[in-house]
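Notes follow the structure.
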Amino acid sequence: MAKPEIEVVLEAGNRLGESPCWHGGEEALYWVDALAPAVHRLDRAGALRTWAMPEIIGSFGFRQAGGLVAALQGGFATVDLSDGRVSRIIDPDPERPANILNDGKCDRRGRFWCGSRDADFAAPTGSLYRLDSDGRVSRMDTGFIVSNGIAFSPDDRVMYFADSRAETVFAYDFDLDDGVISNRRLFFSTRDIAGRCDGATVDAEGFYWCALVHGGQIARVDPEGRFDRLIDLPVKHPTMCTFGGPKLDVLYVTSAAAMLPEAERAATPLAGALFAIHGLSVQGLPEPMFAG
């Protein structure tokens, strides 16, 4: 297998780059900086546009009606990209104001799934939520420290979900029609490796790709939970990956600068950059849109 080529797409300097998502119709990549809160868009011509957000943003999905559905610190919201206006939908857990919405993805029925995390990365106060197109929210599971790694198998029978701080990635049986999950089980653990599972995606062959934050690698994991491939990156803290490009055969990766100790930042100038990995000989799947 040929060695993949790693391209530095943009030295973005993101404090916490997250949630890269390819918009096929626009041929543009969107992502967020969670801690310098903003949504960024880079098109194939290299034009960059940025929308400032009012608070921490963990993730987003494209809306069929246009704009974004977003997971903000204070709850779910829509973002109008014509003027940057943020409209609140609902706070899924008002009893825990210190919790922060984190990783999120849309399923192929247009629902937005998103997990929360403890603000101090210590207590299992996080939950997994499902936001429906009518604005109703349901708590689907709970007891997590840092929710991450949401992805769906190509046949829509399995949902993947990680608790990064628990060093665990779970698999659930997934009912696409009813939007329910069951039979939570261990998919794989990261306890014996340097990195922890952060954001993730699934390729057309059903393999799970995840960023190993703190470990400086991207992992490809087979449907049985076995490591198939590890790709080294020039940064220690990759945060999430997604397939994009006209053929969905480029793996885009966000990264974080905020996790580096001050003494290491000068020696790691690419921390917080946006990367593209070429030559993987696999393709991804189009990201579904939120139906609301």
What number goes with the only condition from (1) surrounded by fewer than 18 Cβ atoms within 10 Å (Cβ to Cβ); (2) within 17 Å of the chain's Cα centre (by Cα); (3) within 17 Å of residue 138 (Cα to Cα) that residue 104 does not pass?
(1)
Single residue of the stretch 173-194 satisfying the filter (over 21 Å from residue 226 (Cα atoms) and not acidic (Asp, Glu)) that is surrounded by the fewest Cβ atoms within 10 Å (Cβ to Cβ)
182
Members of the stretch 59-82 that are of a type in the set (Gly, Ala, Ser), surrounded by fewer than 22 Cβ atoms within 10 Å (Cβ to Cβ) and assigned to a strand (DSSP E or B)
75
Do you know which of the residues in the stretch 20-35 that are surrounded by fewer than 20 Cβ atoms within 10 Å (Cβ to Cβ) and of a type in the set (A, V, I, L, M, F, W, C) is nearest to residue 239 (Cα to Cα)?
35
For the stretch 206-230, which positions are of a type in the set (Phe, Trp, Tyr) and under 13 Å from residue 189 (Cα atoms)?
227
Answer yes if at least one residue in the stretch 156-170 is at pLDDT 95 or above, within 18 Å of residue 289 (Cα to Cα), of a type in the set (S, T, N, Q) and surrounded by 20 or more Cβ atoms within 10 Å (Cβ to Cβ), and no otherwise.
no
When the residues of the stretch 173-192 are narrowed to those that are touching a strand residue (DSSP E or B) at 6+ places or on another chain (Cβ under 9 Å) and assigned to a loop (DSSP other than H, G, I, E, B), which ends up farthest from residue 156 (Cα to Cα)?
191
Positions within the stretch 222-234 being surrounded by fewer than 20 Cβ atoms within 10 Å (Cβ to Cβ) and part of a loop (DSSP other than H, G, I, E, B), in sequence order
222, 223, 224, 225, 226, 234
Out of all the residues in the stretch 36-45, is one or more modelled with pLDDT under 95 and either surrounded by 16 or more Cβ atoms within 10 Å (Cβ to Cβ) or more than 21 Å from residue 291 (Cα to Cα) (or both)?
yes
Expected output for the stretch 196-208 (first residue among the polar types (S, T, N, Q), partner surrounded by 18 or more Cβ atoms within 10 Å (Cβ to Cβ) and assigned to a strand (DSSP E or B), Cβ below 7 Å, 6+ apart or cross-chain) is 201/151; 201/209; 201/241; 201/242; 201/243; 201/284
Identify all residues within the stretch 191-206 that are over 13 Å from residue 162 (Cα atoms), of a type in the set (A, V, I, L, M) and under 19 Å from the mean Cα position of the chain (by Cα); write none if there are none.
202, 204
Taking the stretch 151-172 and keeping only residues that are among the acidic types (Asp, Glu) and assigned to a strand (DSSP E or B), one is left with 163
Pairs needed: first member in the stretch 263-289, in contact (Cβ under 8 Å) with a residue 24 or more places away in the chain and over 21 Å from residue 19 (Cα atoms); second member anywhere, surrounded by fewer than 18 Cβ atoms within 10 Å (Cβ to Cβ) and of a type in the set (Gly, Ala, Ser); C-beta distance under 6 Å; at least 6 residues apart or different chains.
279/2
Yes or no: the stretch 36-53 includes at least one residue that is among the acidic types (Asp, Glu), in contact with an Asp or Glu (Cβ under 9 Å, 6 or more places away or on another chain), outside any loop (DSSP other than H, G, I, E, B) and closer than 19 Å to residue 258 by Cβ.
no
Mind checking whether some residue in the stretch 112-119 is small (Gly, Ala, Ser), surrounded by fewer than 24 Cβ atoms within 10 Å (Cβ to Cβ) and within 13 Å of residue 76 (Cβ to Cβ)?
no
In the stretch 245-284, anything assigned to a loop (DSSP other than H, G, I, E, B) and surrounded by 19 or more Cβ atoms within 10 Å (Cβ to Cβ) is listed as 248, 256, 257, 271, 272, 273, 280
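The values are calculated or read from the model by the stated rules, or taken from the named source; none is laboratory data. Note that the structure is predicted; figures quoted are calculated from it, not measured. Counting neighbours? That spans all protein chains shown, and the Cβs are built from the backbone with ideal geometry, glycine included.
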